[in-house]
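A short reminder: the numbers here are calculations on the coordinates, not readings from a lab. These numbers were taken from a predicted model, which means no experiment stands behind them. Cβ placement follows ideal geometry from the backbone for every residue including glycine, while neighbour counts extend to all protein chains displayed.
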Amino acid sequence: MSPLPWLLVILAACCVESYKVLVVFPFPGKSHAILGDGVVRLLLKAGHEVTYITPILNKKPPPNLHQIDVTDNYQMFVNNKDMINIAQFFKVKQQMTIKSLFDFMFQMHKMTFNNPNVQRLCKDPKQHFDVIIGEWMFNDLYSLFSTIFQAPFIWVSTVDPHWMALQLIDQSTNPAYTADIQSNSIPPFTFYERVQQLVYQIVGYGLKKFYAAKYEQEIIELVKPLIQYRGHEVPDFEELRYNSSLMLGNSHVSMGSAMALPQNYKPIAGYHIETDIKPLPEDLQKLMDNAKHGVIYFSMGSNLKSRDFPDEVKMGLVRLFGELKQTVLWKFEEVLPGAPSNLKFLQWAPQASILAHPNCILFITHGGLLSTTETVHFGKPIIGIPVFADQFINVERAVKNGFATKVDLDFNMVEDLRVAITEMINNPSFTKRVKELSFIYHHRPVSPGAELVHWVEHVVKTQGAPHLRSPALDVPFYQKTYLDLAAVLLATIYVVFATLKFICKRFLCSRGKISSKNKKNN
Ligand SMILES: *[C@@H]1O[C@H](CO)[C@@H](O)[C@H](O)[C@H]1NC(C)=O
């Protein structure tokens, strides 16, 4: 056997520096796990060793992956069952408030830090990491891992750049032209919307400062023994919070707006999509190949269940799809009786492979960020039926970008969907537009996956990349907004007026008084 392959292996092992990375993605939800898995997959492929705090375990982990099991975090949904039940959203149209979002996230963070597996990891003196990557979920507490393991910290922001996340590495965005995730408005804003955006920020900021502080303290107290156990000092959390090295953002200008971003924010949306598309199962491949009029793919994502649609809506949808010439693939947990021949239910749907198929002409989606990213990646127009969280703004943005139609989730949705499907199929402008955006999305100097690996390595090689740190973090609010200058100007104006008034009283006006007195006497 020739020694060349061995030589290459040894050479590769010498040249690739392998780092130990801790990846913290404990949120119990499929879409979050997909983003976490993406980070892990890319780092492993680059030759690094990954320890992964995850609620969804890989049954056959590769040798360089160590999983820390937090499946217990699924308990979160036991108390909040209705949170992701479609039927519930037919009854109440209510967005989660930022306060309940905070509550939910704190509960999850607490469970994670309390988890015996996580505690064991933190107490193990043999564990050392070169860098830690954590998912930002409206809560900054995972940065505590960077104190526990004395390693630089990188956030992954899984939503479009949110002001609350950006202020951790730079400053809040300007509410006059950037939309909060809770709102459904897209800039340019009307006067009312602009005020509303400002209110979102003030309320959010106030809640974080005053309401969240109590919870934060509770978790810091919980983590303190772990920090001390490893012989480190407990940091000032206000300092630690603003001390992360980098933020990797699941966003890209092709899907959002061209907002100003700090040097240490890297928009790498699409990194979770594997570059080699897996082949479709044979029967599905045949079905899609033979669909003369194209395929419509319908999925409400991985959390929402189509079976929770009210019966009359379910039946209405089956009837509607039966009227179409197109083949319809519906990701559905069960098989409904009486389905027409052009409708196929899929218990499990290889979404990327379906969207990649040239015959797929339309995607009906709940508008989750991963699904909207995939539509741009594969250049397919969508009909969005948003249900909760950021789905509304994702769909609004897609509509504004010209490649989507929005349908409201209510008892009229079958009729609305009929109109929308007809419009989308007969008007080529939607497909044309999404192809343009897809070009912008793909036309980057390097792939998002390569960029992710590059910046993680950059942080390690430069000991936390302090050169990328925004100077805005060291300037207090009153200085940024020149409130001190305003105070000086106001004081000056006051002094000038007071002086003038004094002079006037003393020298000029008093004479006037005398003369008026004289006049009276006359
Ligand atoms: C901030 O990060 C740097 C670089 O990772 C680290 O050296 C420093 O100790 C950190 N400070 C705090 C308060 O955690």
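When Lys and Arg each count +1 and Asp and Glu each count -1, what net charge do the other residues less than 14 Å away from K59, Cβ to Cβ, add up to? It would help to have the intermediate numbers written out before the result.
On the way: positive: K60; negative: D37, D69.
Net local charge, K59 excluded: -1.
Can you work out the FRET efficiency for the pair A260 and F497, with r the C-beta to C-beta distance and R0 = 41 Å, to the nearest 0.05? The partial results should precede the final answer.
Numbers: r = 40 Å, r/R0 = 0.96.
So the FRET efficiency works out to roughly 0.55.
Angle, helix 413-426 long axis vs. longest principal axis of the chain, Cα atoms, 0 to 90°, nearest 10?
Helix 413-426 sits roughly 80 degrees off the main axis of the chain.
According to the Kirkwood expression over distinct Cα-Cα pairs, how big is the hydrodynamic radius of the chain, in Å?
On the way: mean 1/r = 0.0384 Å⁻¹.
Hydrodynamic radius (Kirkwood, Cα pairs) of the chain is 26.0 Å.
Starting from 0.36 nm per residue, how many nanometres of slack lie between K214 and K123 once their C-alpha separation is accounted for? Intermediate results must be reported in sequence, preceding the final value.
Details: separation 91, 0.36 × 91 = 32.76 nm, distance 2.55 nm.
Roughly 30.2 nm would be gained on extension.
Rank by packing, highest mean first: peptides 22-33, 65-76, with packing defined as the count of other Cβ atoms within 10 Å averaged across residues.
Numbers: 22-33: 21.9, 65-76: 17.2.
By packing density, highest mean first, the sequence is 22-33, 65-76.
Sorted from fewest to most neighbouring beta carbons within 10 Å, what does the list H272, H252, H442 look like?
On the way: H272 25, H252 21, H442 13.
With the fewest neighbours first, H272, H252, H442 line up as H442, H252, H272.
If the chain between Q107 and K59 were fully stretched, how many nm would it gain, using 0.36 nm times the residue separation less the Cα-Cα distance?
On the way: separation 48, 0.36 × 48 = 17.28 nm, distance 2.70 nm.
Stretched out fully, the Q107 to K59 stretch lengthens by 14.6 nm.
Could you give the angle, 0 to 90 degrees to the nearest 10, between helix 191-206's Cα long axis and the longest principal axis of the Cα atoms of the chain?
Between the helix axis and the principal axis of the chain, the angle is about 90 degrees.
Once the Cα atoms of the stretch 69-218 are picked out, what are the Rg and Dmax in Å?
17.8, 57
At Q285 and E221, where each label point lies 7 Å from the Cα along Cα→Cβ, what is the point-to-point distance in nanometres?
About 6.0 nm separates the two model spin labels.
Give me the number: length gained by fully extending L485 to L473, i.e. 0.36 nm times residue separation minus the C-alpha to C-alpha distance, one decimal in nm.
Details: separation 12, 0.36 × 12 = 4.32 nm, distance 1.96 nm.
Contour length minus the Cα-Cα distance gives 2.4 nm.
Roughly how many nanometres apart are two label points built 7 Å out from the Cα toward the Cβ at E436 and Q228?
6.2 nm
Near G36, within a Cβ-to-Cβ distance under 12 Å, what is the net charge of the other residues, with Lys and Arg +1 and Asp and Glu -1?
Numbers: positive: K30, R41; negative: D37, E135.
Around G36, the surrounding residues sum to 0.
From the gyration tensor of the Cα coordinates in the stretch 282-442, what semi-axes in whole Å does the equivalent ellipsoid have, largest first, with each one equal to sqrt(5λ)?
22, 19, 15
Report, in deg cm²/dmol and to the nearest 500, the calculated mean residue ellipticity at 222 nm for the chain, where each DSSP H run with n ≥ 4 adds -39500 (n - 2.57) and the sum is divided by the residue count. Numbers along the way, then the final one.
Values: 22 runs with 239 residues, N = 522.
Theoretical 222 nm ellipticity from helices: -14000 deg cm²/dmol.
Checking the cross-link filter: which lysines have an alpha carbon closer than 22 Å to that of K91, excluding same-chain neighbours under 8 positions apart?
Reachable lysines: K81, K99, K305, K314, K406.
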